[in-house]
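First up is the structure itself, then whatever we jot down about it.
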Amino acid sequence: MFCESIPQFGTHEVYVSLFRDVKNMEELRSKVGTMPYAVIDASCICCREQLFSAVYKALIEWKYNRLRTKTLNSECILSLSPTSNIGEAFKRFGIKEGTKNIVCLAVVEKGETQTPGLFNAVDGEEIEFTDENLSSMLDLEMIKKVC
Amino acid sequence: MSQEVIEQVATYLTPNVPITPISQGAEAVVFTTNVHPYNASACKTADGIPVKYIIKYRPPKKYRHPSIDKTLTKHRTLSESRILAKLSQVPGLHVPRLIACDVYNGCIWIEFIGEDLPQNHGFSNLKNFLWMHKSDPYNTAIQEVLFKVGEQIGLLHWNDYCHGDLTTSNLVLHQKDSDWIPYLIDFGLGSASTLVEDKGVDLYVLERAIISTHSRFADKYNEWILMGFKSVYEKEGKKGQQKLKDIIRRFEEVRLRGRKRSMLG
Ligand SMILES: Nc1ncnc2c1ncn2[C@@H]1O[C@H](COP(=O)(O)O)[C@@H](O)[C@H]1O
């Protein structure tokens, strides 16, 4: 699991894991609304910078009480999207038919969450969250179309 | 710079983001920092040199009603960010990359462009660069830079954007393999515009800036800029030629209006 904080938001921590060949995608998909983290289709993420710029944006919205979704985690998914259409954002960046690899993302207040085992519900091979690994899973055409 | 404004920003950014003030304008204050807003790995280059970022902050104006002030700040911050983001996608056009944006607080982070010129000639904007070469004002390095400046403005206009405040400080030179590449900065007054008037005014404002700071060499300098500007349109066939003619005609009209105004005092 990769952990980082956003300098301006010392109150929070960001946890990220990248999983390959996830086997229980249907199960995750049915639980997505109740999980304490966001599940993102890895084929839409080209690099760390892309994901973290969305986290930054979500934290700004949170700070000014402008969240447009229920949680900070889901707000990150919306922030990945160039439009403000929530349904569209989830359809594009969330897990869907054919998703194989996922990025799990949790933005939590320091000390609020039991972080070990946070993503245990995922049955897949965890690989290092790096730009290199991300780009091997990327659907570039899709990204070009969307952004 | 007002201590109060600096403290506002420092509080907002928290001690995790140390800042150095570098400029205060009517509209915004500008700081540098070595901290990337969300990408910790981007604080140093591969060789371990700290990377600089620009933070541009629009402080609240006390003389405006608070809610009007908030709306205006949000509007201007958003407008500048949108333009920067759009322009970054225009092939061949050089503008600093937009990194982050907080419209509620009037804060944007942008890539830092430029460096210090040798021998204390100051920051590498066009103004200082021209001063640096005043003993050899017509050398080919200058001609090349000014031609490229013209090209940048040509590309901007051809894509139907206007800068709104084209001064020689808002053209920053970035050194790459011993070449100087001009970047356009400060789109605080920028806009998407198809109007020849806006484009004519852009050209006129820059011409005036060159004349007022480098008057002895201004004719040649403006000629080189215009050559670069025209070259962009001339590559675009008949349509480009026609648009170029319209802009140049308007530019001359704007210049004439400017003269009349100054004659009247
Ligand atoms: N992206 C940038 N890179 C380097 N310096 C900048 C940048 N943006 C602004 N500055 C500096 O800050 C001053 C005021 O910025 P502005 O208010 O955007 O015109 C400029 O004249 C530059 O010296």
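The values are calculated or read from the model by the stated rules, or taken from the named source; none is laboratory data. Not measured: the values here are computed from a predicted model. So basically every Cβ, Gly included, is an ideal-geometry build from the backbone, and we count neighbours across all protein chains shown.
Structure above, values below:
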| item | result |
| --- | --- |
| Qualifying residue in region B:219-229 (condition: surrounded by fewer than 21 Cβ atoms within 10 Å (Cβ to Cβ) and under 24 Å from residue B:116 (Cβ atoms)) | no |
| Among (1) within 16 Å of the ligand (Cβ to nearest atom); (2) surrounded by fewer than 23 Cβ atoms within 10 Å (Cβ to Cβ), the one test that residue B:162 misses | (2) |
| Test: residue in region B:19-42 that is within 14 Å of chain A (Cβ to nearest Cβ), in contact with a Ser or Thr (Cβ under 8 Å, 6 or more places away or on another chain) and part of a strand (DSSP E or B) | yes |
| Cβ pairs under 6 Å, 6+ apart, first in region A:121-132 and over 11 Å from residue A:104 (Cα atoms), second not in a helix (DSSP H, G or I) and not charged (D, E, K, R) | A:123/A:24; A:124/A:19; A:124/A:22; A:127/A:18; A:131/A:47 |
| Qualifying strands (runs of 3 or more DSSP E) (wholly inside region A:1-94; at least 3 residues being away from chain B (no Cβ under 14 Å) and out of contact with any Gly (no Cβ under 9 Å at 6 or more places or on another chain)) | A:12-20 |
| In region B:89-118, residue farthest from the other protein chains (Cβ to nearest Cβ) [restricted to those that are away from the ligand (no atom under 12 Å from the Cβ) and more than 21 Å from residue A:58 (Cβ to Cβ)] | B:118 |
| Residue check, residue B:15 within 14 Å of chain A (Cβ to nearest Cβ), surrounded by fewer than 15 Cβ atoms within 10 Å (Cβ to Cβ), away from the ligand (no atom under 16 Å from the Cβ) and not aromatic (Phe, Trp, Tyr) | yes |
| Given (1) surrounded by fewer than 16 Cβ atoms within 10 Å (Cβ to Cβ); (2) part of a helix (DSSP H, G or I), index of the condition residue B:120 fails | (2) |
| Qualifying positions in region B:169-208 - away from the ligand (no atom under 15 Å from the Cβ), part of a loop (DSSP other than H, G, I, E, B) and under 24 Å from residue B:240 (Cβ atoms) | B:193, B:194, B:195 |
| Tally, over region B:119-129, of residues that are of a type in the set (S, T, N, Q) and away from the ligand (no atom under 12 Å from the Cβ) | 2 |
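Let's see how each residue does on (1) under 15 Å from the mean Cα position of the chain (by Cα); (2) surrounded by 20 or more Cβ atoms within 10 Å (Cβ to Cβ); (3) more than 20 Å from residue B:112 (Cβ to Cβ):
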| site | (1), (2), (3) |
| --- | --- |
| B:166 | yes, yes, yes |
| B:172 | yes, yes, no |
| B:187 | yes, yes, no |
| B:209 | yes, yes, yes |
| B:214 | no, yes, yes |
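Let's see how each residue does on (1) closer than 30 Å to residue B:74 by Cα; (2) at pLDDT below 95:
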| residue | (1), (2) |
| --- | --- |
| A:14 | yes, no |
| A:19 | no, no |
| A:29 | no, yes |
| A:33 | no, yes |
| A:41 | no, no |
| A:61 | yes, no |
